[in-house]
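Peer 1: Please see the structure below; I have some questions.
Each reported figure results from applying straightforward, stated rules to the coordinates on display, with no laboratory input. Values in this document were obtained by computation on a predicted structure and should not be read as measured data. So basically every Cβ, Gly included, is an ideal-geometry build from the backbone, and we count neighbours across all protein chains shown.
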């Protein structure tokens, strides 16, 4: 016999997968949408609860008294292709990250305040970080002011200074970064 204080908490992974599958179908059919996000010349039919659940940016926008009756939101800072990937990830739980899109996704995740996407991008960069791409990742992270990228790529650059100093894009580093690198080798 169970005591009155007994509690049963069950996490059903299958149920979660079913929900994501259903959300993915909504994404394809665009049924029941309640807001439109305009990126460039493309309109994306979206669902406020899904956007708000994933994005601090949208949560704030939807809760603002200034936007109370607003159903169309324009994003200027993000490309159409990047928002398409983000929207897909929010609805399906499947994030598609490549070396070609990771910096754009990271920038958008930072701008839209989407922690899960920032973490996925950071994990991806850590997995693929190499002598061939580290300077580009660092320079992009610096350009987009992504502390997360800069903070884990910089030690790799320090560690591989001698291998990197002969690369074409090595001199694209700022004077301050070059000075720090040289000083670290003394």
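Peer 1: In which sequence would 97, 38, 149 go, from the one with the fewest C-beta neighbours within 10 Å to the one with the most?
Peer 2: Working: 97 19, 38 15, 149 27.
Taking fewest neighbouring Cβ atoms as first place, the list is 38, 97, 149.
Peer 1: How far, in degrees from 0 to 90, does helix 80-92 lean away from the longest principal axis of the Cα atoms of the chain, to the nearest 10?
Peer 2: 50
Peer 1: At R0 = 35 Å, how high is the FRET efficiency between residue 128 and residue 166 if r is their beta carbon distance? Nearest 0.05 is fine.
Peer 2: 0.95
Peer 1: Pull up the DSSP beta bridges for the chain and report the antiparallel fraction as a percent, rounded to 5.
Peer 2: Antiparallel: roughly 55 percent of the beta bridges in the chain.
Peer 1: Also, I was wondering about something else. Which of rounded, prolate or oblate describes the range 129-186 when judged by the alpha-carbon gyration tensor and an a/c cut-off of 1.5?
Peer 2: Verdict is rounded for the range 129-186.
Peer 1: Please report, for the Cα atoms of the range 107-159, the Rg to one decimal and the Dmax as a whole number; what are they, in angstrom?
Peer 2: 10.6, 33
Peer 1: If you don't mind, another one. Grab the eigenvalues of the alpha-carbon gyration tensor for the chain, scale each by 5, take roots, and send me the semi-axes largest first in whole angstrom.
Peer 2: Semi-axes, largest first: 38, 23, 15 Å.
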